[in-house]
Amino acid sequence: MTTKRKIKPPFFEIGPKSYLYGDDVLALALAADAASEKYGVDVIFTTPFVDIRRVAQETNHLFVFAPHMDPIPVGRGLADILPESLVAAGACGVMLNHVEKPLSLSDLHRTILRAQEVGLLTIVISDSISEAAAIAHLSPDIIVAEPSELIGTGKTSSEDYVNSSTSVIRSIDADVLILQGAGISSPQDVYDVIFAGAQATGSSSGVALAPDPAAMADGMIRAAREAWDARH
């Protein structure tokens with residue numbers, strides 16, 4: 001088992017999904033890597049499976065996460081994602097339960113346990129406060145409080161949602177990190193959410209579909225640092 005790297009607030013997550021592929025994924029990863037170093041912000045880069053090895057090899061500061069995995073052991077599983085293969089490719093973590101790849105609580109529990117066995121960090125998506133509470137009992141490393149109805153809308157969570165979801169999760173597991181996501185489309189959105197009390201936020205389409213994804217990533221990561229410093 002590999003030793004888990006530690007993520008500290010403020011941190012930022014970028015997931016290009018399938019908006020980008022090939023060299024464009026690497027170009028964005030390199031820009032995020034440079035911004036992570038420049039602003040002192042940990043950056044999770046949720047990498048398409050086929051680009052994990054290249055992104056991990058070409059960057060120095062990113063936390064390279066896979067977008068999913070299956071709780072299978074070494075052996076059979078033709079089209080499944082083996083946890084050990086993610087570690088071998090250079091991933092240090094895995095995203096689970098995204099609205100585009102949902103899991104039942106029982107499957108989520110088994111998958112988190114397998115990730116822990118191989119030393120992968122887990123970032124788990126919740127689309128409601130009640131689901132966040134249920135997930136908190138499973139002891140992931142990070143919970144994303146992300147109302148699914150806001151994803152891709154350009155509308156961000158309210159300060160009340162940030163505070164309420166954080167309070168509920170903290171009451172169950174005081175150690176879990178919390179990322180407040182959904183609808184982040186500009187550096188100002190990042191600043192507002194972090195300043196409102198979030199430890200982290202992230203963006204997919206807001207970065208990947210920007211006219212200059214590298215510049216947008218830089219601006220958002222810078223805003224996370226500025227808001228965190230202003231709040232503290």
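The values are calculated or read from the model by the stated rules, or taken from the named source; none is laboratory data. Nothing here was measured: the structure is a model prediction, and the numbers come from that model. So basically every Cβ, Gly included, is an ideal-geometry build from the backbone, and we count neighbours across all protein chains shown.
Quick one: is A66 small (G, A, S) and within 14 Å of the chain's Cα centre (by Cα)?
Judged against the criteria, A66 is a match.
So which residues in region 26-36 are touching a helix residue (DSSP H, G or I) at 6+ places or on another chain (Cβ under 7 Å) and surrounded by fewer than 23 Cβ atoms within 10 Å (Cβ to Cβ)?
Result: L26, A27, L30, A31.
Would a scan of region 5-13 turn up a residue that is under 18 Å from L96 (Cα atoms) and free of Cβ contacts under 8 Å to residues at least 40 places away in the same chain?
no
Which of the residues spanning region 59-102 are buried (at least 22 other Cβ atoms within 10 Å of the Cβ) and modelled with pLDDT under 95?
Matches in region 59-102: H98 only.
Could you check Y39 against (1) surrounded by fewer than 22 Cβ atoms within 10 Å (Cβ to Cβ); (2) hydroxyl-bearing (S, T, Y); (3) under 20 Å from G183 (Cα atoms) and say which number it fails?
(3)
Considering (1) closer than 23 Å to A217 by Cβ; (2) at pLDDT 95 or above; (3) of a type in the set (V, I, T), say which one I112 fails and leave the rest.
So I112 meets the others, but not (1).
I'm trying to understand the selection: among the residues of region 134-159, which are surrounded by 21 or more Cβ atoms within 10 Å (Cβ to Cβ), at pLDDT 65 or above, over 16 Å from L113 (Cβ atoms) and among the small types (G, A, S)?
Scanning region 134-159 gives a single hit, A145.
Evaluate the following for I7: is it of a type outside the set (G, A, S) and within 25 Å of P187 (Cβ to Cβ)?
yes
Go through (1) polar (S, T, N, Q); (2) closer than 29 Å to D24 by Cα; (3) modelled with pLDDT under 95 one by one and return the number of the condition T166 breaks.
(2)
Could you check region 42-58 and list, in sequence order, the residues that are crowded, with 22+ Cβ neighbours inside 10 Å and over 18 Å from T122 (Cα atoms)?
Selection gives D51, V55.
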